[in-house]
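Trainee: Before anything else, here's the structure in question.
What follows draws every value from the coordinates through simple rules; no lab data is involved. As the structure is a computational prediction, the values presented were derived from the model and not from experiment. No Cβ is skipped: glycine too gets one built from the backbone with ideal geometry, and neighbour counts run over all protein chains shown.
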Amino acid sequence: MTYPDQRTEDEWRAILNPTQFRILREKGTEAPGTGEFDKHYPKEGVYTCAGCDAPLYKASHKFNSGCGWPAYFDSVPGAVTRHEDRSFGSVRTEIVCSNCGGHLGHVFKGEGFPTPTDERHCVNSISLKFSPEDKVVEKSSKA
């Protein structure tokens, strides 16, 4: 699949630190409970892709799942693309940034969390940046 942001691997290496590159570009995973945003619960703001800064999740989408990674029940419409992941001998749904293809984590359904979608987007903190301003609203209000 192709994505709008078509940087080369060398260009990604120039802007990402080695851990960000391993996770975003090589589909790695950070250790549970170690990420900057695992226990981060602002009332407002937007989590963006650490690679390309595309808005991915609103702060209001975040919830405490206790899984050790940031969890969101939904994404900004069109911001996240889903792929079947058959690594590690099981079938999971990988989620990537729809703008650059950067690996975010996985989405799980039907776990019984009291959220509007019954989904858990389990995202690596290192795949994200946070902005206290709601970039999604700002963008749409300029249209």
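Trainee: Show me 18-24, 102-108 ranked by packing, highest mean number of other Cβ atoms within 10 Å first.
Mentor: Ranking the peptides 18-24, 102-108 by packing returns 102-108, 18-24.
Trainee: Using only the Cα atoms of region 82-129, build the gyration tensor, take square roots of its eigenvalues as a ≥ b ≥ c, and label the shape rounded, prolate or oblate: rounded if a/c is under 1.5, else prolate if a/b is larger than b/c, else oblate. Each step should come with its number before you reach the end.
Mentor: Details: a/c = 2.01, a/b = 1.20, b/c = 1.68.
It comes out oblate by the Cα gyration axes.
Trainee: To continue, here is another question. Could you list ASP10, ASP74 so that the one with the fewest beta carbons within 10 Å of its beta carbon is first and the one with the most is last?
Mentor: Details: ASP10 7, ASP74 17.
With the sparsest Cβ surroundings first, the list reads ASP10, ASP74.
Trainee: Running a GNM on the chain with Cα contacts under 10 Å, which residue among LYS27, LYS62, LYS43 ends up with the highest mean-square fluctuation?
Mentor: Maximum fluctuation in the GNM of the chain, among the listed residues, is at LYS43.
Trainee: Report, in deg cm²/dmol and to the nearest 500, the calculated mean residue ellipticity at 222 nm for the chain, where each DSSP H run with n ≥ 4 adds -39500 (n - 2.57) and the sum is divided by the residue count. List each step's numbers first, then the result.
Mentor: Numbers: 3 runs with 21 residues, N = 143.
Using -39500 (n - 2.57) per qualifying helix, the result is -3500 deg cm²/dmol.
Trainee: Cα gyration tensor of region 45-122, axes a ≥ b ≥ c as square roots of the eigenvalues: rounded (a/c below 1.5), prolate (a/b > b/c) or oblate?
Mentor: Values: a/c = 1.81, a/b = 1.06, b/c = 1.72.
Taking the square roots of the gyration eigenvalues as a ≥ b ≥ c, region 45-122 is oblate.
Trainee: Report relative contact order for the chain in percent, whole number only (criteria: Cα-Cα under 8 Å, sequence separation at least 6). Working shown, then result.
Mentor: Numbers: 283 pairs, mean separation 39.8, N = 143.
28 percent.
Trainee: Looking at the square roots a ≥ b ≥ c of the eigenvalues of the Cα gyration tensor of region 30-71, which shape do they give, rounded for a/c under 1.5, prolate if a/b is larger than b/c, or oblate? Before the final figure, lay out each step's value.
Mentor: On the way: a/c = 2.37, a/b = 1.26, b/c = 1.88.
In terms of gyration-tensor shape, oblate.
Trainee: Okay, next question. For a quick check, take a GNM of the chain with Cα springs below 10 Å and name the residue from LEU16, LEU128, LEU56 with the largest mean-square fluctuation.
Mentor: Per the Cα network of the chain with a 10 Å cutoff, LEU16 tops the list.
Trainee: To continue, here is another question. Taking GluC sites (Glu not before Pro) as exposed when DSSP calls them loop (any state but H, G, I, E, B) and at most 14 other Cβ atoms lie within 10 Å, what is the longest stretch of the chain free of them, the sites themselves excluded?
Mentor: On the way: sites that count: GLU26, GLU36, GLU44, GLU111, GLU133.
It works out to 45-110.
Trainee: Let me see the P(r) profile for the chain: every Cα-Cα distance counted, bins of 10 Å, each bin given as a percent of all pairs.
Mentor: 12, 43, 36, 8, 0
Trainee: Express in whole angstrom the spacing between the alpha-carbon centres of region 1-53 and region 74-97.
Mentor: That distance is 15 Å.
Trainee: Determine the alpha carbon to alpha carbon distance for each of LYS58/LYS129; LYS27/LYS129; LYS109/LYS129; LYS62/LYS109 and list only those over 19 Å. Please report the intermediate quantities before stating the final value.
Mentor: Numbers: LYS58/LYS129 12 Å; LYS27/LYS129 17 Å; LYS109/LYS129 25 Å; LYS62/LYS109 15 Å.
Those over the limit are LYS109/LYS129.
Trainee: LYS39: which aspartates and glutamates have alpha carbons under 17 Å from its alpha carbon, excluding same-chain residues fewer than 8 sequence positions away?
Mentor: By straight Cα distance, LYS39 reaches GLU30.
Trainee: Quote the charge dipole size of the chain about the Cα centre in Debye, to the nearest 20; the model charges only the Cβ of Lys and Arg (+1) and of Asp and Glu (-1).
Mentor: On the way: 18 positive and 20 negative charges, 14 e Å.
In total the dipole reaches around 60 debye.
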